[in-house]
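Novice: Handing you this structure, nothing more for now.
Read-outs: derived from the displayed coordinates by stated rules, not from any lab. Every value quoted in this text rests on a predicted model; they were computed, and no experiment measured them. Cβ atoms come from the backbone with ideal geometry, glycine included; neighbour counts cover every protein chain shown.
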Amino acid sequence: MLMMLPRNRSRSVKRVFVRTQSGRTTIHFKKERPHRAHCRICGAVLGGVNSVRGVAKSEKVPTRIFAGQLCAGCAGEIVKIRSRVALGEMKIEEASLAQREFVKMMK
């Protein structure tokens, strides 16, 4: 077996096994591209989140609560649920499991 180049030993490089015409199986290496960010509750694509490599964190993610994790609609729902729980109008068990996780983060 051939020794890989150091740049290809990382798991950020995808290994693709390719069968050549001669019947040998060789390994081709592909740099994985970052995927678009999605909301952790509803799965919507997050607007304003840059997924390019090599830029600063302040350029990648907006500076609001749960930015880069939740869409604006779901983040607003979490704030509403948190305030209702604090006022006693609602129990935390009435929220969905995904929402409870974020409500607990706000405490």
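Novice: Please determine, in degrees from 0 to 90 and to the nearest 10, the orientation of helix 72-87 with respect to the longest principal axis defined by the Cα atoms of the chain, where the helix direction is its Cα long axis.
Specialist: 40 degrees
Novice: If you build the convex hull over the alpha carbons only and average its shadow over all orientations, what do you get for the chain? Give it in nm² to one decimal.
Specialist: Computed as one quarter of the Cα hull surface, the answer is 10.8 nm².
Novice: Working only with C-alpha atoms, what are the Rg and Dmax values of the stretch 6-58, expressed in angstrom?
Specialist: So, for the stretch 6-58, Rg and Dmax equal 16.8, 50 Å respectively.
Novice: For the chain, how many pairs of lysine residues have a Cα-Cα distance under 30 Å, where the two are 8 or more positions apart or belong to different chains?
Specialist: 19
Novice: While we're on this one: Can you tell me which of 68, 48, 88 moves the most in a GNM of the chain? Springs connect C-alpha atoms under 10 Å apart.
Specialist: Comparing 68, 48, 88 in a Gaussian network model of the chain, the most mobile one is 88.
Novice: I'd like to know which of 68, 22, 41 lies farthest towards the positive end of the charge dipole of the chain, counting +1 on Cβ of Lys and Arg and -1 on Cβ of Asp and Glu.
Specialist: 22
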